[in-house]
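Novice: Got a structure for you, questions after.
Where a number appears in this text, it was derived from the coordinates with a stated rule and is not lab data. Computed from a predicted structure; not experimentally measured. Here the Cβ is made from the backbone with ideal geometry for all residues, glycine too, and neighbour counts use every protein chain on show.
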Amino acid sequence: MSTQNTLTGLLERDWSYRETLVGGAVGIFVTIAVLGLLLPESLWADLFGIITERSTLSSALRLSVPIVFAALGGIFAEKVGVINIGLEGLLIVSAFVAILVPAILGPTETTLFIPNLWVGFAAGILASVLFSGLFAVVCIRYKADQIIAGLAVWLIALGLAPFAATVYYGGVNTENLGTSLPTWTIPVLSEIPLFGAFFSATPAVYAMLLAVPASWFVLNRTSFGNHVRASGENPRALDTVGVNVSRVRYASVLLSGFLTGIGGAALSLGLGQFIGNNQTMVNGKGFIAIVAYLFGNYNPIGAFGASFLFAGLEAVQIRLQQVPGYAIPDSLIQTIPYVTVIVVLALVGRTRIPEAAGEHYESGDD
Amino acid sequence: MTTAVHLDEITKRFPGVVANDDVDLTVERGTVHALLGENGAGKTTLMNVLYGLYRPTEGRVVIEGEERQFSSPRDAIDAGVGMIHQHFMLVDPMTVTENIVLGNEPRKWFGLAVDREGARRDVRELSDRYGFDVDPEATIEDVSVGVQQRVEILKALYRGADILILDEPTAVLTPQEVDDLFRVFEELTDQGKTIIFITHKLGEALHAADDVTVLRDGKNVGSVTTADTSREELAELMVGREVFLQTEKAPSDPGDVVLSTDGLTAEDNRGIEAVSNVSFDVREGEVFGIAGVDGNGQAELIEAITGLRKPTTGTVTYLGEDITDAPRADRIDAGMAYVPEDRHERGLVMEFDLVQNGILGSQHRAPFAERGNIDWNTARNHAEDIIREYDVRPPNADADAVSLSGGNQQKFIVGREFERNPDLVVATHPTRGVDIGSTEFIHDRLLELRDEGKAVLLVSSKLDEVQGLSDRLAVMHDGEFMDVVDPQDVTEEEIGLLMAGEHPDDAASAAEADAIADGRGEGTSGSRAASDVPSDGGER
């Protein structure tokens, strides 16, 4: 087969949603690479340089942690039929508690032989689980509107965390713990140029790289996953075969809080401090996570790809600020995820929203 | 033969309604049993009792000789009873296999993962054993409704069901799929399974079942073996022939034509022709009745006339104007009142109170509205008038429609439509679910409207009602008017035959010729030759 044929073949093929996205991303990267190599000293060359820098990849991975975990959490909630728009709030709560607890216990000491940093990590997760449990009760038991309840989760967290910080620290920001998540470096593998970044990272990054395939497995290969999907699509079908729909929904929403909590705790503990100015240090990551999982069509792997893309853009932008001559306002960069998702969803395809998402289910029979 | 199911004097009461009244039902193992009756006869309620969805108020459920008390479908499933609901309980984006094993997934890796391979194998085996042509890998949303139904049956079989209940299984199927389903029935009964299916189509019951039990108004009015019965007998059992509360009726004095249809043809929701070339006139000062077993095209015909369904061909003329394509709102404004068949779906907004419901359809017009503002005082007075006139209880205009009982909802709708000062009243099942006193009142009011010179088009599956009220009576079967008769002269037997699709004069031989001529192959009553497949698709 000649190149000509291959090319026309590729163009004429009916590309799937996934192929279009991956193809598009690869295409943009190749374009930058080609332009960068052909035109040294240009913006393209600088961009290419930044993209292929190991530190950019490192920071992209770090930045994607909260987005990816929140996106995974969002998938489990929405797949089961409870739209969790409060991911942002769960991130804020877990980020704050993860700092507050070690600050109280003593950042460098241990509790029951466990370093308080990790106690804080667990506490952050627990706070998020409790908060999502409250959300679940309101939505499932009391049949509140899920969007309103989700907004409430966000707004309560947005007010509560800086308030508690002010009470404890006298300001909306916490003091720095003086310690943060360690970097675990895997010998030899971390020496690999560029991709070595995957093997010299915080435990949170490793956890993320495990959580993505694990989430996919749970959702698609376990009976719990089957029940989750059925509950979000046709809860009555699940009910008639004798599975308790509410129980599945509670479990999945709590799991959503658990995953999101990991992201929030990792965010603040990565820095060693909680910043409560304006939108707090979470600053819309929960909402970007929603965009990411929609973008990834409720597939954990797709959501990871989208989150990584958004985080990567931010990493490039941060790096670009340091190169003289480019003054791209970061607020412009921050609109990129939203613009992309609108463009992509409008042009390439539709994500498929679970049929019963947002609907209450009442096991009706007397 | 042994008895698979025995329902012993089942009574099921809901607040204010007796849905099943002392019903006995016996089904032998390895047979197909049809539960036949009009809508609202209590068929589904009875089967929900058997499936554990409802607990009977009185009576016993005996399965395979053992008395059972089901508190949930789970118990029924454990006892080997499976039910295939009218609306399938399937998860669209999941595969056939995933749907079948849902809730009972085989596991592997110490219960960690679903054994997808094993599940697929089980499903394929099951499907092969009963000769089902189902691809275990297919996604539900990609397969036809007929296949989805087989998936539902497989789901029940996978859970070990020996007794299968199917609620109106043919309602959603094409004629070919109906044939396939009945073949599946044979396959299943050959292997010892017992099937009970609910239907209101007597052709199907005769063709596919070994025994038929007819329910009417919640009572078992007869259990017969299909070999020993006829279409006429079943039709009579279904509609009954209770003594009609004789309404005093003056002779009619028909005036000008108000409504006329010419060659009206319409399709049902599945795109199958449901009304075939129907032409008739309704005149001022007469009641034109349409009788027939439910589901023979009456609903589609009325929808085409009232503007709720677009006819494929033919015209509807109202007060001398062609309104075939006129929007529904124009028809209402032109004085066409309509008592719909489904009061929840089309008669009322359940979350609105009676004041709001009382002005529906007139909300934009004087005296209720002026320049877009609703005059709520007038609306309230109107609602209170209806409540008083039609004895709606509780007499509270502020009550939400949903809080009223079915009969009272019906009275309110009838009141609203009758008080519209219409030129034409289209009333479908106007007294369904209404107590006897109110029924009489509604009948009298209907005749009053007639005597005032209004035109009335009445559809009812209650034979005594249409026969007693109508001045001319059309009998509908399979989308066509079999005949238009004088209700005073015609006998019940004649109507029964017409409803069954046969002409009384030339009952035996000619009916067969007719049936062959219209390509349906429906033979004379009672015969169940293998080639004698009623393609009941058109009978809805």
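Novice: Over chain B, how many percent of alpha carbon pairs lie in each 10 Å bin up to the one with the longest distance?
Specialist: Reading the bins upward from 0: 4, 17, 25, 25, 18, 9, 2, 0, 0.
Novice: Can you give the Rg and Dmax of region B:3-229 based on its C-alpha atoms, in angstrom?
Specialist: Just the Cα atoms of region B:3-229 yield Rg and Dmax of 17.7, 58 Å.
Novice: What three numbers, in Å, describe the spread of the alpha carbons of region A:216-299 along their principal axes, ordered from the longest?
Specialist: Computed over the Cα atoms, the extents are 49, 24, 23 Å.
Novice: What Kirkwood hydrodynamic radius do you get for region A:235-366 when you take the inverse of the mean 1/r over all pairs of distinct Cα atoms, in Å?
Specialist: Final number for the Kirkwood radius of region A:235-366 is 17.8 Å.
Novice: Now for a separate question. As a test, work out the antiparallel percent of DSSP beta bridges whose residues both lie in region B:3-229, rounded to the nearest 5.
Specialist: Given both bridge residues lie in region B:3-229, the antiparallel proportion sits at roughly 60 percent.
Novice: A follow-up question, please. Can you give me the long-range amide H partners of B:Ala113? Hydrogens built in the peptide plane at 1.01 Å from N, cutoff under 5 Å, separation of 5 or more residues or another chain.
Specialist: It is B:Lys108, by chain and number.
Novice: Could you derive backbone 3J(HN,Hα) for region A:100-106 from the dihedral phi with the Karplus parameters 6.51, -1.76 and 1.60 (θ = phi - 60°), listing whole Hz in sequence and x where the residue is Gly or Pro?
Specialist: So the Karplus estimates, Gly and Pro as x, are 4, 4, x, 4, 6, 6, x Hz.
Novice: Same structure, new question: Please compare each pair in B:Lys411/B:Lys454; B:Lys249/B:Lys454; B:Lys155/B:Lys201 to a cut-off of 23 Å on the Cα-Cα distance and tell me which ones are over it.
Specialist: Beyond 23 Å: B:Lys155/B:Lys201.
Novice: Still on this structure: I'd like the projected area of region B:346-392, averaged over all directions, using the convex hull of its alpha carbons. Report it in nm² with one decimal.
Specialist: 3.4
Novice: While we're on this one: What is the Cα radius of gyration of region A:11-161 over 2.2 N^0.38 Å, N being its residue count?
Specialist: 1.46
Novice: Report, by chain and number, residues whose modeled amide H sits under 5 Å from the one on B:Val258, excluding near sequence neighbours (fewer than 5 apart, same chain).
Specialist: Long-range HN contacts for B:Val258: B:Val282, B:Arg283, B:Glu284.
Novice: Taking a cut-off of 18 Å, what percent of all Cα-Cα pairs in region B:119-210 are separated by more than that?
Specialist: 42
Novice: Something else now. Please compute the contact order of chain A in relative form: average sequence separation of alpha-carbon pairs under 8 Å and at least six residues apart, divided by the residue count, as a percent.
Specialist: 30
Novice: Find, to one decimal place in angstroms, the Kirkwood hydrodynamic radius of region A:85-164, where the mean of 1/r is taken over every pair of different Cα atoms and then inverted.
Specialist: One over the average 1/r among Cα pairs gives 13.1 Å for region A:85-164.
Novice: Further question: Under a crude label model (7 Å from the Cα following the beta-carbon direction), how far is B:His344 from A:Val339 in nanometres?
Specialist: Taking the two extended label points, one gets 5.0 nm.
Novice: Right, next: Please state, to two decimals, what the Cα-based radius of gyration of region A:122-242 comes to when divided by 2.2 N^0.38 Å (N = residues).
Specialist: After normalising by residue count via 2.2 N^0.38 Å, the value is 1.51.
Novice: Treating each Cα of region B:61-172 as an identical point scatterer and ignoring solvent, apply the Debye formula and state log10 I(q)/I(0) at q = 0.21 Å⁻¹.
Specialist: Taken in order of the listed q values, log10 I(q)/I(0) reads -1.18.
Novice: Then there is this: What translational diffusion coefficient, in µm²/s and rounded to a whole number, does the Stokes-Einstein relation yield for the protein assembly as shown at 25 °C and a viscosity of 0.890 mPa s, taking the hydrodynamic radius as the Kirkwood radius over Cα pairs?
Specialist: Using the Kirkwood radius from Cα pairs, D works out to 76 µm²/s.
Novice: In region B:3-229, if the dipole is taken from +1 on Lys/Arg beta carbons and -1 on Asp/Glu beta carbons about the Cα centre, which of B:Ile153, B:Ala119, B:Ala4 is farthest to the positive end?
Specialist: B:Ala119
Novice: Treat the count of other C-beta atoms within 10 Å as a stand-in for reagent exposure and order B:Ile153, A:Ile51 from fewest to most.
Specialist: Ranked by crowding around the Cβ, least crowded first: A:Ile51, B:Ile153.
Novice: Next question, about the same structure. How large is the translational diffusion coefficient of region A:28-347 in µm² per second when you combine the Kirkwood radius over alpha carbon pairs with Stokes-Einstein at 4 °C and 1.567 mPa s?
Specialist: For the chosen part, D equals 63 µm²/s.
Novice: Using Cβ contacts closer than 10 Å as the measure, can you line up B:Tyr51, B:Tyr390 from fewest to most?
Specialist: In order of increasing Cβ crowding within 10 Å: B:Tyr390, B:Tyr51.
Novice: When the helix-only estimate is applied to chain A (DSSP H runs of n ≥ 4, each -39,500 (n - 2.57), divided by the residue count), what is the mean residue ellipticity at 222 nm, nearest 500 deg cm²/dmol?
Specialist: Computed mean residue ellipticity for chain A: -23000 deg cm²/dmol.
Novice: Taking the Cα centroid of region A:222-284 and of region B:66-83, what is the distance between the two, rounded to the nearest whole Å?
Specialist: The distance from the Cα centre of region A:222-284 to that of region B:66-83 comes to 35 Å.
Novice: Test of understanding: given chain A, find the longest segment containing no GluC sites (Glu not before Pro) that are in a DSSP loop and have at most 12 other Cβ atoms within 10 Å.
Specialist: Longest site-free region, per DSSP loop and neighbour criteria: A:110-361.
Novice: Report, ordered by chain and residue number, the lysines lying within cross-link reach of A:Lys79, taken as a straight Cα distance under 19 Å and ignoring same-chain residues fewer than 8 apart.
Specialist: Filter leaves A:Lys143.
Novice: Would you grab the residues whose amide H sits under 5 Å from the one on B:Val5? Only those 5+ places off in sequence or on another chain, please, with H modelled 1.01 Å from N.
Specialist: B:Val27, B:Glu64
Novice: Give the value in nm², to one decimal: projected area of the alpha carbon convex hull of region B:257-410, averaged over all directions.
Specialist: Spelled out: convex hull of the Cα atoms, projected over all directions, averaged, 10.5 nm².
Novice: Taking neighbour counts of Cβ atoms within 10 Å as a proxy for exposure, in what order, fewest first, do A:Leu271, A:Leu219 appear?
Specialist: Ascending Cβ contact count within 10 Å gives the list A:Leu271, A:Leu219.
Novice: Further, regarding this structure: For region B:1-115, what is the Kirkwood hydrodynamic radius in Å, using each pair of distinct C-alpha atoms?
Specialist: Hydrodynamic radius (Kirkwood, Cα only) of region B:1-115 equals 16.2 Å.
Novice: Another question about this same structure. Run the helix sum for chain B: -39,500 (n - 2.57) per DSSP H stretch of 4+ residues, divided by residue count, reported at 222 nm to the nearest 500 deg cm²/dmol.
Specialist: Only helices count here, giving -9000 deg cm²/dmol.
Novice: Work out which chymotrypsin sites (Phe, Trp or Tyr not before Pro) in chain A are exposed loop sites (DSSP not H, G, I, E or B, at most 16 other Cβ within 10 Å) and give the longest gap free of them.
Specialist: A:143-325
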